Every structure is written in C-alpha cells, then in structure tokens.
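Trainee: Attaching a single structure in structure tokens format; questions to follow.
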Amino acid sequence: MQKSPDVSDHNDGLDKLRTQLLDHALYDSVRNVDSLRVFMREHVFAVWDFMSLLKRLQQIVTCTTVPWLPPVDATASRFINEIVLGEECDDDGHGGYASHFELYLQAMEEVGADTKPICEFVGKLRRQVPAEQALAEATILPSTRGFVSATLQLVSLGQPHEIASAFFHGREDVIPDMFSRLVVSLPQEGVNVERLVHYLQRHIELDGDEHGPLASRLVDKLCNQQPLRRDEAIAAASQAISQRIALWNGMLAEIHRLD
C-alpha cells in the first residue's frame with residue numbers, strides 16, 4: 001500500500017515549484033527597454049490582481065461593513081490593515097500618496113510601456129462592467145488573461161486560508177532583482193527610470209521587511225494548526241506559483257517572438 005504524502009512531501013513540492021519560478025529564463029530575457037515594455041504591459045495586470053487578493057483578505061479578517069463590529073481576531077486585522085496601508089496609499093516620493101498600482105503605472109509611462117490595455121480594463125470596472133467580461137475583452141496575452149481569471153476565481157470561491165496562502169507564496173520575490181539590473185542599464189539607453197526606482201525601493205522595503213513576514217503569520221493564524229487547512233493552504237500556494245510560472249512562460253514567448 002502506498003504511503004500517503006506527509007507535510008514534508010507537500011513542502012518539497014512547493015519548494016521545487018518555487019525554485020522553478022526563481023530560476024525562470026524570463027528574468028534574463030528582460031534585458032533592454034523593449035523587452036521591459038512587453039513585461040510591464042502584461043505584468044501590470046498581476047500588480048492589479050494582487051490588490052484584489054489583498055482587499056478580499058481585508059474583507060475576511062476585518063470589518064468593512066456598517067454597522068461596524070469588532071474583528072474576531074484583532075491581531076489578524078492589524079496584520080492585513082498594515083499591508084493595505086502600504087499597498088493602497090504609500091508615499092509617492094513627491095510629497096503625496098499613491099497605491100503601488102499607480103506607482104507602477106507611472107513607471108510604465110516613464111519607460112514608454114503600453115498602459116492602454118490596463119487603463120481600458122480598469123475603466124470598464126469603474127463603469128461596472130463585470131470583471132470577467134472586461135478581462136475577456138482586454139488586449140493581453142492569453143497567459144495573462146488566464147492568470148488574472150484564476151485569481152478572480154480564488155477571491156470569489158477560495159477559503160480564507162487558501163487566499164492568504166496564495167497571497168503570501170505567490171508574491172514576486174525575484175522582481176526586485178530583475179528591476180535592479182535594469183535600473184542600472186536603462187539610463188545608458190537614455191531612459192528615465194526615476195519612477196521605477198521609487199517603485200522598486202518601496203517594493204523591497206515593504207515586501208521584504210514588513211509585508212512578507214506579516215502575510216506568513218496571517219496564513220498560520222488562518223490555518224489554526226488544523227492539518228486539513230494546512231494541506232489546503234499548501235495546495236493553494238502550489239497552484240499560485242504554477243500560475244505565475246505559466247504567466248512568465250507567456251511573457252517569455254512573446255519577448256522571443258519580438259526579438
């Protein structure tokens with residue numbers, strides 16, 4: 001009789017997926033302004049849907065309705081509200097505040113990346129077009145559409161610990177390293193990267209020093225030491241990373257097509 005997989009087996013699978021993501025060929029392929037423009041045109045949709053995961057978690061662990069009620073877990077509420085504060089209204093570097101999504105759009109405009117697909121998508125959402133319809137109509141790669149569609153399904157149907165796990169493990173740890181190389185090289189091509197540098201700095205400072213550890217603790221709290229929840233959280237994390245790899249595959253193919 002075959003032995004059922006234990007926690008270490010699940011974690012080994014997750015670690016292998018994470019290694020595959022960290023070693024992806026996309027990072028070395030984004031090496032000039034043209035490839036960066038392709039990357040940012042598609043990646044901004046992942047920046048947007050990250051906020052959808054975050055706001056769903058805020059609905060789950062805090063009170064966002066009226067009449068107000070105290071949160072069931074004030075510590076978890078504190079965790080998520082701190083992340084929302086940084087991601088939704090961070091220091092914009094010009095004496096004001098902006099979401100990281102808006103900072104990313106500014107960086108796109110600065111390097112000449114195409115913002116039309118994401119702006120049209122968000123514009124339709126503002127006009128209350130259903131998200132799946134707006135996504136279907138967006139002029140983006142199929143891999144990008146599939147990635148965002150999976151996120152929308154997760155925030156609609158996923159359990160709290162699954163959403164939190166996808167949020168934590170699906171984070172873009174390696175993006176700062178890739179951007180850091182470009183920040184050095186792009187000025188030599190005459191490309192202004194001031195907004196990209198600011199976005200990068202905030203991404204590193206908050207995600208590495210604060211948001212990552214907070215999100216990890218939130219997953220632990222929502223699993224509440226229950227083995228089934230822990231397994232479901234690991235499965236959700238594995239799926240999130242697999243979807244990220246598929247997103248990267250699509251971008252890599254498009255960059256190679258345009259070379």
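Trainee: Residue by residue through the stretch 213-259, note down the ones that are hydrophobic (A, V, I, L, M, F, W, C), open to solvent by less than 80 Å² (accessible area, probe 1.4 Å) and more than 18 Å from residue 155 (Cβ to Cβ).
Mentor: First, pick out the residues of the stretch 213-259 that are hydrophobic (A, V, I, L, M, F, W, C): 214-215, 218-219, 222-223, 228, 233-237, 240-241, 245-248, 251-253, 255, 258.
Within this subset, residues satisfying the condition of being open to solvent by less than 80 Å² (accessible area, probe 1.4 Å) are 214-215, 218-219, 222-223, 233-237, 240-241, 245-248, 251-253, 255.
Correct list: 214, 223, 234, 245, 246, 248, 251, 252, 253, 255.
Trainee: Could you list, in sequence order, all residues of the stretch 78-97 that are more than 15 Å from residue 47 (Cα to Cα), in contact (Cβ under 8 Å) with a residue 60 or more places away in the chain and in a strand (DSSP E or B)? I'd like the intermediate steps shown before the answer.
Mentor: Our first condition is that a residue be more than 15 Å from residue 47 (Cα to Cα); within the stretch 78-97, this holds for 78-82, 85, 91-97.
Of the ones still in play, those that are also in contact (Cβ under 8 Å) with a residue 60 or more places away in the chain are 79-80, 82, 91-93.
If the condition is that a residue be more than 15 Å from residue 47 (Cα to Cα), in contact (Cβ under 8 Å) with a residue 60 or more places away in the chain and in a strand (DSSP E or B), then 91 is the only one that fits.
Trainee: Give the residue that is surrounded by the fewest Cβ atoms within 10 Å (Cβ to Cβ), with candidates limited to residues of the stretch 25-62 that are assigned to a helix (DSSP H, G or I) and of a type in the set (D, E, K, R).
Mentor: To start, the set of residues in the stretch 25-62 that are assigned to a helix (DSSP H, G or I) comprises 26-29, 33-61.
Add one more test, that the residue is of a type in the set (D, E, K, R), and what stays is 28, 34, 37, 41-42, 49, 55-56.
On the way: 28: 11, 34: 14, 37: 18, 41: 22, 42: 23, 49: 23, 55: 16, 56: 20.
The selected residue is 28.
Trainee: Further question: Just checking, how many residues over the stretch 63-77 are in contact (Cβ under 8 Å) with a residue 24 or more places away in the chain and in a loop (DSSP other than H, G, I, E, B)?
Mentor: Quick first cut of the stretch 63-77, residues in contact (Cβ under 8 Å) with a residue 24 or more places away in the chain only: 73, 75-76.
If we keep only those that are in a loop (DSSP other than H, G, I, E, B) too, we end up with 73.
So the answer is 1.
Trainee: Can you tell me which residue in the stretch 6-23 is farthest from residue 259 (Cα to Cα), limited to those that are open to solvent by 20 Å² or more (accessible area, probe 1.4 Å) and in contact (Cβ under 8 Å) with a residue 60 or more places away in the chain? Before the answer, list the steps.
Mentor: Looking only at the stretch 6-23, we keep the residues that are open to solvent by 20 Å² or more (accessible area, probe 1.4 Å), and these are 6-13, 15-20, 22-23.
Among the residues that remain, those that are also in contact (Cβ under 8 Å) with a residue 60 or more places away in the chain are: 7, 10-11, 13, 17-18, 20, 22.
Values: 7: 43, 10: 39, 11: 38, 13: 34, 17: 28, 18: 28, 20: 24, 22: 23 Å.
Going through the qualifying residues, I end up with 7.
Trainee: Could you list, in sequence order, all residues of the stretch 138-155 that are β-branched (Val, Ile, Thr) and either surrounded by fewer than 17 Cβ atoms within 10 Å (Cβ to Cβ) or on the phi > 0 side of the Ramachandran plot (or both)?
Mentor: 139, the sole residue that qualifies.
Trainee: Considering (1) under 29 Å from residue 59 (Cα atoms); (2) touching a residue at least 60 places away in the same chain (Cβ under 8 Å), say which one residue 193 fails and leave the rest.
Mentor: It fails just one condition, (1).
Trainee: Taking residue 236 and the conditions (1) under 22 Å from residue 19 (Cβ atoms); (2) of a type outside the set (Lys, Arg); (3) out of contact with any helix residue (DSSP H, G or I) (no Cβ under 9 Å at 6 or more places or on another chain), which numbered condition does it fall short on, given that it satisfies the others?
Mentor: Here residue 236 clears every test but (3).
Trainee: Now, a different point. In the stretch 121-145, what residues are part of a helix (DSSP H, G or I) and either in contact with a Ser or Thr (Cβ under 8 Å, 6 or more places away or on another chain) or hydroxyl-bearing (Ser, Thr, Tyr) (or both)?
Mentor: 132, 135, 143, 144
Trainee: Exactly one condition in (1) assigned to a helix (DSSP H, G or I); (2) within 19 Å of residue 14 (Cα to Cα); (3) in contact with a Gly (Cβ under 9 Å, 6 or more places away or on another chain); (4) of a type outside the set (Val, Ile, Thr) is false for residue 171; which is it?
Mentor: Going through (1) assigned to a helix (DSSP H, G or I); (2) within 19 Å of residue 14 (Cα to Cα); (3) in contact with a Gly (Cβ under 9 Å, 6 or more places away or on another chain); (4) of a type outside the set (Val, Ile, Thr) one by one, residue 171 breaks only (1).
Matching residues to (1) within 14 Å of the chain's Cα centre (by Cα); (2) at positive phi; (3) part of a helix (DSSP H, G or I); (4) at pLDDT below 85:
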| site | (1), (2), (3), (4) |
| --- | --- |
| 188 | no, no, yes, yes |
| 192 | no, no, no, no |
| 196 | no, no, yes, no |
| 206 | yes, no, yes, yes |
| 209 | no, no, yes, yes |
| 233 | no, no, yes, no |
| 238 | no, no, yes, no |
| 250 | no, no, yes, no |
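Trainee: Continuing with the same structure: Is it the case that residue 144 is at pLDDT 85 or above, of a type outside the set (Phe, Trp, Tyr), within 17 Å of the chain's Cα centre (by Cα) and farther than 16 Å from residue 239 by Cβ?
Mentor: yes
Trainee: Filter the stretch 63-117 down to residues that are within 24 Å of residue 223 (Cβ to Cβ), within 18 Å of the chain's Cα centre (by Cα) and among the acidic types (Asp, Glu) and give me whichever is least open to solvent (accessible area, probe 1.4 Å).
Mentor: 87
The values are calculated or read from the model by the stated rules, or taken from the named source; none is laboratory data. Quick caveat: nothing in here was measured; it's all calculated off a predicted structure. When we count neighbours, we look across all protein chains shown, and the Cβ atoms used for this are built from the backbone with ideal geometry, even at glycine. For accessibility, only protein heavy atoms count, side chains too; no ligands or nucleic acids. Shrake-Rupley method; radii C 1.70, N 1.55, O 1.52, S 1.80 Å.
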